[in-house]
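Here's the structure we're looking at; comments come further down.
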Amino acid sequence: MKNFLLLSFSLFSVAALAQESKVAPIANPYKKTPLTEQQLQRWSHLDLQKDSVPGMSVDKAYSELIKNKKGTKVIVGVIDSGVDINHKDLKGAIWTNKKEKPNNGKDDDNNGFVDDVHGWNFLGESNNENLELVRILKKGDDGSETYKKAQAEYDKKYQEVAPNKPIVDMILKADKTIREHLKKDNYTAEELNEIASVKYDLYQSKKIMLSFIEQAGKDFHANLEEFKDYVYDNLNYNLNKEFDGRQPLGDNPDDMSTKNYGNNVVYSKDRKDSLHGTHVAGIIAQGRNNKIGGDGVAENVEIMPIRAVPNGDEYDKDIALAIRYAVDNGATVINGSFGKDFSPHAAWVWDAIKYAASKDVLFVHAAGNDGKDIDTEPNFPTDEIDLKEFADNVLTVGAINYNYGENVVADFSNYGSKNVDVFAPGVKIYATIPNNEYKYEQGTSMAAPNAAGVAALIRSFYPNLKAAQVKQILMQSGSPLNFDVAVGENGDKMPFSKACVSGKLVNAYNALKMAEEMSKTMKNNPKL
Ligand SMILES: [Ca+2]
Ligand SMILES: [Ca+2]
Ligand SMILES: [Ca+2]
Ligand SMILES: [Ca+2]
């Protein structure tokens, strides 16, 4: 599953969301005034001291450190749901495989992929998928612990989702009734209140919608759409044992001998299904200061889109091959904003991560959005085998929001003193989405590319540093938080230093300074 935040829009959580925004701000020495829209759109680039926002000091890094420097091109592999490579704020930053002649039906560069001019699509035209636990159940009970765990997890998830179906259907029906009555698709609570009718159906619909709007706020139509997608995607695809998402692709995900399935179109058949990957790519590379939309973290980068993450859980085989594709075709940073609870062929992915390590490629991975401790419940791909870290090139990133203080960790973000390395901005992140649009999104999916963008900056200006050193720099140079923070949905308090390995927030300014020193040391000591 895309590590996208799936807000669970039961009526209860809608109410909880509405309340969240009313929570009184906690004592914060930095907080002055609420952020303006302009600040909000780029808060992850701001600076704690200067702007009172726990951003990554990207603007400060540009204005003070890299203004007059020229970096080398860095290719960032984005393994995701696909990227709208024609977005006006992204198209200048898309990788082109110069050794491949387009559209001649030949694999000119002999990399195993025909006409792969801008990356590869391991999903072809498939899009919706089961969760991995459903795929495990479909294979039948083999008496294993994994099967039992999958069954228990299935029952739990089904019980969470299914009761929402009559609720969402009721609200959808009421909304339809109101829209037909008002003869328009968008309306406000005021317009609803003005409806005076003795018709029972209309009266009921008005009551339902007023109560929904009270909880969901003025963007209630967008919320309703997300609520509907959450319920229907789960019941029709993610949790549906009768559904076979792999069928259109015709590849056997349990057989590693076939490797070049899919196609060369790096976005989904319906372009809007590549929203997640387009947003991730934008966080890294949307044009800076070009007067359109948001700003990316890194200049001098090329995004290599590799489509391997469906609407449901990704296959280990696709992920392993996607990592290898990125490594073999020149990426030095890979962003992986995906993750799942079960991984039947985890070894394939581990081998690909080891391969990336051997070729000096950094893999930046989102920590996941379950609000859980991933030291006890893994989020795949992990970088541990039998509780021992096997590679030094994986950076696992949790998400923070823009409120500095005890609530700075996003409530959905996974954490872990051993398995989350560092935190980065992942709430209300403004970036590109398909068809030349922009959107705020949240999730550790947004935190990982923020960190990956900083990694790309380091690799661009200090190319003599190795992937493991870039990881080390991102962790050590970050801004420390020396206080207790709330984690998970229950808001349990723990020292921030225990929520991740480094106890720090990624900071581009500090990272580039440390990279400069480390790079010099390396040059002066060629034997290091
Ligand atoms: Ca090729
Ligand atoms: Ca060709
Ligand atoms: Ca821009
Ligand atoms: Ca690790």
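The values are calculated or read from the model by the stated rules, or taken from the named source; none is laboratory data. Keep in mind that what you see is a predicted model, and the values were worked out from it rather than measured. Positions of Cβ are generated from backbone atoms using ideal geometry, with glycine treated the same way; all protein chains shown enter the neighbour counts. Note: accessible area is taken over every heavy atom of the protein model, side chains too, but ligands, DNA and RNA are not part of it. Shrake-Rupley method; radii C 1.70, N 1.55, O 1.52, S 1.80 Å.
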Worksheet entry | Lys, Arg +1 and Asp, Glu -1 on Cβ, resulting dipole of the chain about Cα centre, debye, nearest 20 | 1620
Item to complete: Among the chymotrypsin sites (Phe, Trp or Tyr not before Pro) in region 301-366, which ones are in a DSSP loop with at most 10 other Cβ atoms within 10 Å of the Cβ? Mind listing them?
Response: none
Discussion item. I'd like the distance between the alpha-carbon centres of region 389-403 and region 415-436, rounded to an integer number of Å.
Written reply: 10
Worksheet item: Using the Cβ atoms and a cut-off under 14 Å, what net charge is assigned to the surroundings of E242, where Lys and Arg are +1 and Asp and Glu are -1?
Response: +2
Discussion item. Can you give me the long-range amide H partners of K340? Hydrogens built in the peptide plane at 1.01 Å from N, cutoff under 5 Å, separation of 5 or more residues or another chain.
Written reply: F380
Worksheet item: In percent, what relative contact order does the chain have, based on Cα pairs under 8 Å that are 6 or more apart in sequence?
Response: 22
Worksheet item: How do the peptides 380-388, 493-501 rank, highest first, by the average count of neighbouring beta carbon atoms within 10 Å per residue?
Response: 493-501, 380-388
Discussion item. Set the bar at 22 Å for Cα to Cα. Now go through K184/K206; K354/K498; K50/K88; K354/K388; K67/K466; K67/K513 and name every pair that lies beyond it.
Written reply: K354/K498; K50/K88; K67/K466
Worksheet item: Which semi-axes, in whole Å and largest first, does the equivalent ellipsoid of region 258-307 have when worked out from the alpha carbon gyration tensor as the square roots of 5 times its eigenvalues?
Response: 25, 13, 7
Worksheet item: When you take every Cα atom in region 410-528, what is the radius of gyration, and what is Dmax, the widest Cα pair distance, in Å?
Response: 16.2, 51
Worksheet item: If you take the C-alpha gyration tensor of region 365-460, multiply each eigenvalue by 5 and take the square root, what semi-axes do you get, largest first, in whole Å?
Response: 24, 17, 12
Worksheet entry | region 385-468: chymotrypsin sites (Phe, Trp or Tyr not before Pro) in DSSP loop, at most 15 other beta carbons within 10 Å | F390
Worksheet item: When the Debye formula is applied to the Cα atoms of region 72-203, each taken as the same point scatterer, what base-10 log of I(q)/I(0) results at q = 0.11, 0.14 Å⁻¹?
Response: -0.84, -0.90
Worksheet, complete the sentence: Note on region 474-528: contact order normalised by length, alpha-carbon pairs under 8 Å, 6 or more apart, percent, works out to 36
Worksheet item: Tell me, how many Å apart are the Cα centres for region 326-357 and for region 258-298?
Response: 19
Worksheet item: In square angstrom, what is the accessible area per residue of the chain with a 1.4 angstrom probe?
Response: 44
Discussion item. For the pairs K317/K504; K138/K259; K70/K291; K73/K269; K269/K359, flag any whose C-alpha to C-alpha distance is greater than 28 Å.
Written reply: K317/K504; K73/K269; K269/K359
Fill in: Cα-only Debye scattering, region 222-297: base-10 log of I(q)/I(0) at q = 0.12 Å⁻¹
-0.60
Worksheet, complete the sentence: For the chain, using Cα atoms only, the Rg and Dmax in Å read 23.2, 86
Worksheet item: For the chain, which DSSP H helices look membrane-span-like by this rule: Cα extent along the axis of 20 Å or more and mean Kyte-Doolittle of at least -1.0?
Response: 164-182, 200-216, 444-461, 508-524
Worksheet item: How many percent of the accessible area of the chain is carbon or sulfur, using a 1.4 Å probe?
Response: 50
Worksheet item: Is there a pair in K156/K418; K228/K439; K176/K207 whose C-alpha atoms are over 21 Å apart, and which pairs would that be?
Response: K156/K418
Practice prompt. Could you tell me the largest-minus-smallest coordinate of the C-alpha atoms of region 323-410 on each of the three principal axes, in descending order and whole angstroms?
Written response: 42, 27, 19
Discussion item. Against the 2.2 N^0.38 Å scaling, with N counting residues, where does region 77-122 land? I'd like the Cα-based Rg ratio to two decimal places.
Written reply: 1.20
Worksheet item: Rule-of-thumb check for region 238-357: C-alpha Rg over 2.2 N^0.38 Å?
Response: 1.16
Worksheet entry | Among 274-283, 156-165, 211-220, 449-458, the order from most to least packed when residues are scored by Cβ within 10 Å on average | 449-458, 274-283, 211-220, 156-165
Worksheet item: Tell me, how many Å apart are the Cα centres for region 170-244 and for region 463-528?
Response: 45
Worksheet item: When we measure straight from the Cα of K99, which aspartates and glutamates land under 20 angstrom away, once same-chain ones fewer than 8 places off are left out?
Response: D107, D108, D109, D115, D116, E302, D328
Worksheet item: What residue among T177, A456, G140 has its Cα farthest toward the positive end of the dipole of the chain, where the charges are +1 on Lys, Arg and -1 on Asp, Glu, each on the Cβ?
Response: A456
